[in-house]
Amino acid sequence: MQFEKDCKPWDSEKFTTMSVIKQINDESSTIAWSPVKSMANVIATGTMEGGGGGFDEYGGSLSLHRFDPANPTLACTKLNSYKTSARFSSLAWGRAGSSSGRPYGLIAGGLSDGVVQVYDPSKVIQGTDNALVASISNHSGAIKSVDFNMNPGSHHLFAAGSR
């Protein structure tokens, strides 16, 4: 996938640039691939600082996009978006919750205001108001990174870091 014309997909075994297969023409975004097998062709984007909008727009949005390699165009299909209180500085998608009623796992977003918000991607796709699962305000600065533990038996753990 290509984002903002200066990001390119890489083959992680050969470390060579791959050809562009799909493109999301959205504002500047942080991204996370779905780790769930049934959603392997879905990517989440979170609006970043400086990603467009006017002086009156302080919030951001979490969007889910599906790409179809069989479709000859570069376009991806936007499944849905969810409005957020602040812009994203980091994004991670983990399998957490997939064994307890959340088949698409959870998305953790580190926001520019120091808050970590956790979303249910199935609710984002459905467009329901209750896509926000948790909001954690334990940091004093922008969340620079979030990540889920990918080890078996530890999918429910995630970490967030700020300065």
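Rule-based calculations on the coordinates, nothing more; no lab input. These figures come from a predicted structure and were not determined experimentally. Cβ placement follows ideal geometry from the backbone for every residue including glycine, while neighbour counts extend to all protein chains displayed.
Descriptive notes on the structure:
- Neighbour-count ranking [beta-carbon atoms within 10 angstrom, fewest first] of D129, D120: D129, D120
- Given their separation in residues at 0.36 nm each and the Cα-Cα distance between them, N151 and S38 gain 38.8 nm when the chain is fully extended.
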